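Structure first, then comments.
The values are calculated or read from the model by the stated rules, or taken from the named source; none is laboratory data. Computed from a prediction, not measured in an experiment: that's the story for all the values here. FYI the Cβ positions are ideal-geometry reconstructions off the backbone, even for glycines, and counts take in every protein chain you see.
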Amino acid sequence: MLHIASLVTPTTLSEKAVNDISGALVLLLADVFALYLKTKNFHWHMSGPHFRDYHLMLDDQGEQVFAMTDAIAERARKIGGTTLRSIGQISRVQRIVDNDAEYVKPLDMIAELRDDNALLTQNMRNVHFPNARILLSNCQFGPAGTFYR
């Protein structure tokens, strides 16, 4: 007989705080995945005289963007929330706009990614500042500024 485990995670946060924070993290995670795929799209379709430099830069950037995904998703789970479940869910909630154009000029690619990274940074700040007080109020601080959850 198959046993399905509950997703309930012990937390000292209120149900509303868990829903608010994990909901914000889901939006942020969708944006990160959208930015990752756009970065890889531009990496794969780069052309022109600076091809090698831009191609390598976008490959590195894509790796760095993708590296954020696990930490964001696991933070939502750690506080008792849920996270993304599918590409379809990403497409429904992402705020980073896709670029499906057949051809994009290299400098336009770089400019678009610059703007998208700025939007992602702003979205990260919007998640952090309202929720920092809630999260910190649930931490116990120890010696030398270390904290325990």
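The table that follows gives values for the structure above.
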quantity	calculated
Complete set of residues in the stretch 101-146 that are surrounded by 10 or more Cβ atoms within 10 Å (Cβ to Cβ), at pLDDT below 60 and not polar (S, T, N, Q)	132, 134, 135, 136, 139, 141
Number of the condition not met by residue 31 [criteria: (1) at pLDDT below 95; (2) among the charged types (D, E, K, R); (3) touching a Leu at 6+ places or on another chain (Cβ under 7 Å)]	(1)
Filter result for the condition that a residue is on the phi < 0 side of the Ramachandran plot and outside any helix (DSSP H, G or I), over 101, 118	101
When residues of the stretch 73-90 are limited to those that are touching a residue at least 12 places away in the same chain (Cβ under 8 Å) and hydroxyl-bearing (Ser, Thr, Tyr), the one farthest from residue 42 (Cα to Cα)	82
Selection from the stretch 72-100 of residues that are hydroxyl-bearing (Ser, Thr, Tyr) and either surrounded by 16 or more Cβ atoms within 10 Å (Cβ to Cβ) or over 17 Å from residue 30 (Cβ atoms) (or both)	82, 83
Test for residue 66: is it within 12 Å of the chain's Cα centre (by Cα), assigned to a helix (DSSP H, G or I), under 30 Å from residue 106 (Cβ atoms) and aromatic (Phe, Trp, Tyr)	yes
